[in-house]
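Working notes, structure below.
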Amino acid sequence: MLQRYHEGLCSPEERDAVIAWLNETTPSATSHPSPAEDDDPDIGDRIWQRIQDNQGLQQHQSPKESVTTGPRSIKFKPIIRVAAIFLAVLSVGTLLLFLKKNKNPVDAPAAQITRTVEIPNGKKGQLTLPDGTVVYLNAGSTLRYPDRFPADSREVYLVGEAYFDVTADSKRPFRITTDQTVTEVLGTAFNLTAYPDEQQTVLVEQGSVRFASLHASKELVVHAGEGARYQTGGSLTSIDNIPTDRLAWKTNNLVFNNHRLADIAKRIQRWYGVTVEIKREELNTMTFTGSFDNAALKELMDDLSFVMQFRYQIINQHITIY
């Protein structure tokens, strides 16, 4: 029938059948992307032109022209003519699909970006993670987290101290990794301390967490009102009651509970963004109990020096205790 069509010998019914077949199989049909979709109305004609040239066609017409202008006067041997038609239809469809895919490629997953939040000494910060978890960062702390969490996990890295109010998600555990521990939760509120110069501790206010050593196969499940401490060597110990001083920082309260002056000095450095030098060695082991509600640095130092019987001076953000 194709041969008869190209020789102009088809009956009207046969001619209509060929035209219908061409409409279904040419690149202008809906089974392939149309040139108009690529914002270039001439692309189909140019591709068809190249295919016709490659097939040795003696007359150059677009697929649309072939359908609407009637029989062609192209002289083929019967088998070559039919093969050329099938090859032309297949080639145009393939080329147009290739061009469409290259112009509008399927979006690949965007590369994950790691974000870092650093809170300097003397400051505090608060942020909301991509899953809705709220994090309060204490002075001198750093948190690294991805700009989006994958479908099966939520992982962040902490140096310093932070209070986490974790959004519940049973399918994606929330993990906080430090240089020594891993804390895993599903949805809870807790405080994690991971300063390089302090013992790492977790204090759970709501829910429960799994507190594990990163370098040893040891872990503890810590429930609300309890805590755990990481010991040198990888061992973990339980804390029966949450020390009030460890959660007070979130509300700008500085609380000391029988703390040594050496440890108090570290807290002062982070809290106020200063440096502290203790000149008298015996002062390091003296202890102090008390609390300060958003106190100014001089007010704090006046009270400490009065109770612990030392003198101090502040010069250019440096405190000398003697």
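Listed here are the residues, each with its yes/no results for (1) of a type outside the set (Lys, Arg); (2) in contact (Cβ under 8 Å) with a residue 60 or more places away in the chain; (3) assigned to a helix (DSSP H, G or I).
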site: LEU247; (1), (2), (3): yes, yes, yes
site: ASN257; (1), (2), (3): yes, no, no
site: TRP271; (1), (2), (3): yes, yes, yes
site: GLU277; (1), (2), (3): yes, no, no
site: LEU283; (1), (2), (3): yes, no, yes
site: SER305; (1), (2), (3): yes, no, yes
site: PHE310; (1), (2), (3): yes, no, no
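Every residue in the stretch 241-260 that is at pLDDT 85 or above and of a type in the set (A, V, I, L, M), please. Those that are at pLDDT 85 or above and of a type in the set (A, V, I, L, M): LEU254, VAL255. Test VAL156 against the criterion of being surrounded by 16 or more Cβ atoms within 10 Å (Cβ to Cβ), at pLDDT below 95 and either hydroxyl-bearing (Ser, Thr, Tyr) or outside any loop (DSSP other than H, G, I, E, B) (or both), and give yes or no. No, not satisfied. Evaluate the stretch 269-281: report whether one residue or more is open to solvent by less than 50 Å² (accessible area, probe 1.4 Å) and of a type in the set (Ser, Thr, Tyr). Yes, the stretch 269-281 contains at least one residue that is open to solvent by less than 50 Å² (accessible area, probe 1.4 Å) and of a type in the set (Ser, Thr, Tyr).
Annotation for the stretch 236-243: no member residue is surrounded by fewer than 16 Cβ atoms within 10 Å (Cβ to Cβ), aliphatic (A, V, I, L, M) and either within 21 Å of the chain's Cα centre (by Cα) or under 25 Å from GLN126 (Cβ atoms) (or both). Criterion applied to ASN257, ASN241, ASN284 was being touching a strand residue (DSSP E or B) at 6+ places or on another chain (Cβ under 7 Å) and under 30 Å from GLY187 (Cβ atoms), and the one residue passing it is ASN257. Of the residues screened, LEU203 is one that is assigned to a strand (DSSP E or B) and open to solvent by less than 40 Å² (accessible area, probe 1.4 Å).
The values are calculated or read from the model by the stated rules, or taken from the named source; none is laboratory data. Bear in mind the structure is a predicted one, so any value in this text is a computation, not a measurement. Every residue, glycine as well, gets a Cβ built from its backbone with ideal geometry; the counts of neighbours run over all protein chains shown. These accessible areas exclude ligands, DNA and RNA; they are computed on the full protein's heavy atoms, side chains included. Shrake-Rupley method; radii C 1.70, N 1.55, O 1.52, S 1.80 Å.
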